[in-house]
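Undergrad: This is the structure I have questions about; it appears just below.
Every number in this text was worked out from the coordinates using simple rules, so none of it is lab data. Owing to the predicted nature of the structure, the values given are computational and were not obtained by experimental measurement. Cβ atoms come from the backbone with ideal geometry, glycine included; neighbour counts cover every protein chain shown.
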Amino acid sequence: MTDGGTGAFERESAMRRRGWAASGKGAAGIEHPAAGDGSSRAAEITFGAVTLRADLAVPKGAAGIVLFAHGSGSSRMSPRNRQVAGDLRAHGLGTLLFDLLTPEEERIDLRTSELRFDIPLLAERLVGATDWLLARDEAAKLPLGYFGASTGAAAALIAAARRPDVVAAVVSRSGRPDLAGRNLEEVRAPTLLIVGGLDYPVIEMNQTALGGLRVEKRLEIVEGATHLFEEPGTLERVAALATAWFLGHFRERTGRETPRADTGAAGRLESPRDSQNVQW
């Protein structure tokens, strides 16, 4: 189901995380870059009457910025998203992790669970965060990507359909892209769907959604992984796949050279056409 092209990248990422832990720079494998090197800093995203808490990090010379849309019942503090974000930053990508709900909405959702599945609302928040980011100097002329988990994947695909000129790539982890419905046909950003090999119901949902997409698309099934990718090495695999996808498509969008996250025997970035999991 998977290829070995990202092996070198995964080994490098593991070494980076061990180095951070030894130096006290982070916990649970999460990078906290030094000031002046894309440090993650707190921000407030404001549009309309909404203010959302966020953490923005843009390394110097970033190849692009990835916005994270967290899953149901989670937040910008999701340890899995933050680990993936650390790997992206280590390979020259900026990251924006933010809460899709306001503090008051989170309190309501804890009682009712009614907002975490309000996909149009979540997509609206992601569009608002995208517009906010585009107005900042850090994002000037940089391609953007979306990384969505669970219900956040559906929100990411709907938001990508609404901002086709700025969203260059989408990655879903354990996502519910099927919840994007007919919006799937409007997505123009190349889309990578990553699912654990033991997450059987979600595999079926992603296969259904794959059929609705009309763009370059790929379903990657990580063998031995369950829904949360808690098994050793599986989340590193997600980070490797996501990094390669974003760097490759950001380079296509801008025409500029970007760092190459993983190479095969020929020393080139893995192409979607090289994988047995490609579906068009």
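Undergrad: State, as an integer percentage, the relative contact order of region 87-183 based on alpha-carbon contacts under 8 Å between residues 6 or more apart. Intermediate values should be presented prior to the final figure.
TA: Values: 109 pairs, mean separation 23.3, N = 97.
Rounded, it is 24 percent for region 87-183.
Undergrad: Compute the distribution of all C-alpha to C-alpha distances in region 134-261, in bins of 5 Å from 0, and list the percent of pairs in each, rounded to whole numbers.
TA: Result returned by the calculation: 2, 12, 22, 23, 19, 13, 7, 2, 0.
Undergrad: Now for a separate question. Which order do 70, 91, 227 fall in if you start with the one that has the fewest other Cβ atoms within 10 Å?
TA: Working: 70 26, 91 23, 227 16.
The most exposed by this proxy come first: 227, 91, 70.
Undergrad: Using θ = phi - 60° and the Karplus form 6.51 cos²θ - 1.76 cosθ + 1.60, what ³J(HN,Hα) does each residue of region 154-165 get, whole Hz, x for Gly and Pro?
TA: Per-residue couplings from phi come out as 5, 4, 5, 5, 5, 5, 5, 5, 7, 10, x, 6 Hz.
Undergrad: Kindly put 245, 132 in sequence by how many other C-beta atoms sit within 10 Å of each C-beta, fewest to most.
TA: The most exposed by this proxy come first: 132, 245.
Undergrad: Just the number: Rg to Rh for region 186-232, Cα atoms, Kirkwood Rh, two decimals. The partial results should precede the final answer.
TA: Numbers: Rg = 11.5 Å, Rh = 11.2 Å.
With Rh from the inverse mean 1/r over Cα pairs, Rg/Rh is 1.03.
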